[in-house]
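Take a look at the structure below.
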Amino acid sequence: VWSLVIGQLAGTLTSTVLYWAISDWRLRLEFDVTIARQLLGYGVQLIFVGLFGTIHRNVDYLLVGRRMASAQLGYYTLAYRLPELVILNMVTVLGQAIFPTYAKLQNDPSALRAGFLTMLRYVAIFTIPCGIGMFIVAPEFITVFYTDRWAAAIPVMQMLALYTAVLALSYNAGDIYKATGRPGILNKIAVIKLAITIPVLWWAANHSILHVAVGQLFTATIISVLSLWLAGRILEVSLWSMFDAMRPAAISALVMLAGTLLLRSQIDDLSPLLRLILMTVTGGGLYAAALGLTAKDTLIQAVSIIKPARRVTPAP
């Protein structure tokens, strides 16, 4: 177990050295009381944001492990891994990149409003089909990569895929609170979130891990709507405008869902691996085609963002 500890320390030490090597700024023996007071006031709020976030990310594991057998915790953990890796990690990294941009726009409400709606549209384009796609192919994915012994994780993974997709849609709303100097809103939301989540999951953990996953989806839906509404109050953007930004992705994902489920009914006798391949390719094609019909400009812009920039060689 100490290899895990040493690995964490080595990684942290390496990143710290590299940060200082790349940064042009160097520490000096100067102290500004006014700036320190501002930073501490803001930083304390962020400390509690991190604390509440850690509690919320682990409360489901805690309750499942406390109230159920260890095997159930194993099924639940496996079911959560792929949605967490693909969806939640993506919006976490995106938040680290978009927060400085929001901060620069904090004194330009119209630009901040436009940037938030644009980001919400692109996040929806990725997270909604990923969540629904994992919901569809979870039986084949678990069977192919983990065998039938892990079949109990299939419905749990389906619910957690939808849960992470819903949660991700409001994930970057927190960057709006921080960028506008109101990180305390995140802590108030976190308290409400825990006040709802803990009782729901406590009850659910008395039944099954599937109940826990459904409870996660239920609470995430409530909290996501609340988070978006509060961000809308700050930016003077209605919930309807936010839902309209997500509409192309949602419609295209429903087309993907219908087409892929229809395909599954016709290829049920094939091997799980072949079904997984055919459903993934078909679902991706249907989603891209539907998005191209409903929001062609958005699709082109999304592709241009993902596509690596070509190096332009100056003329001699």
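The values are calculated or read from the model by the stated rules, or taken from the named source; none is laboratory data. What you see is a predicted model, and the numbers here were worked out from it, not measured in a lab. With ideal geometry, Cβ positions are generated from the backbone for all residues, glycine too; neighbour counts draw on all protein chains shown. These area figures cover heavy atoms from the full protein model, side chains too; ligands, DNA and RNA do not enter into them. Shrake-Rupley method; radii C 1.70, N 1.55, O 1.52, S 1.80 Å.
State to the nearest 20 debye the size of the charge dipole of the chain about its Cα centre, where the only charges are +1 on K and R beta carbons and -1 on D and E beta carbons. If you can, show how the numbers build up before the last one.
Details: 23 positive and 14 negative charges, 83 e Å.
Taking the Cα centre of the chain as origin, the dipole is about 400 debye.
Each of Trp150, Leu9, Leu73 was scored by the projection of its Cα onto the charge dipole of the chain, and the greatest displacement toward the positive side belongs to Leu9; charges sit on the C-beta of Lys, Arg, Asp and Glu.
Between Asp244 and Tyr42, the simple label model (points 7 Å from Cα in the Cβ direction) yields a spacing of 3.3 nm.
Remark: the range 97-183 carries 39 Å² of accessible area per residue (probe radius 1.4 Å; ligands, DNA and RNA excluded).
Charges only on Cβ, +1 for Lys and Arg, -1 for Asp and Glu: so what's the dipole of the range 1-127 about the Cα centre, in debye to the nearest 20?
On the way: 10 positive and 6 negative charges, 49 e Å.
Computed about the Cα centre, the dipole is about 240 debye.
Computed over the range 117-266, relative contact order equals 34 percent, with contacts defined as Cα pairs under 8 Å that lie 6+ residues apart.
3J(HN,Hα) along the range 147-156: 6, 5, 4, 9, 4, 5, 7, 4, x, 5 Hz, from the Karplus curve 6.51 cos²θ - 1.76 cosθ + 1.60 with θ = phi - 60°, whole Hz, x for Gly and Pro. Of the residues Phe126, Phe116, Gly259, the one whose Cα sits farthest toward the positive end of the charge dipole of the chain, with +1 on the Cβ of Lys and Arg and -1 on the Cβ of Asp and Glu, is Phe116. Any idea which of His207, Thr294, Val237 is furthest toward the positive side of the dipole for the chain, if Lys and Arg beta-carbons carry +1 and Asp and Glu beta-carbons -1? About the Cα centre, the residue reaching furthest to the positive side is Val237.
How many percent of the accessible area of the chain is carbon or sulfur, using a 1.4 Å probe?
Working: 12570 of 18440 Å².
Carbon plus sulfur share of accessible area: 68 percent.
Excluding Leu88 itself, what net charge comes from residues whose Cβ is under 11 Å from its Cβ, given Lys and Arg +1 and Asp and Glu -1?
+1
Once each part is reduced to its C-alpha centroid, what is the distance from the range 149-173 to the range 9-84 in angstrom? Here the answer is 22 Å between Cα centres. Axis of helix 184-204 versus longest Cα principal axis of the chain: the two differ by about 30°, to the nearest ten degrees.
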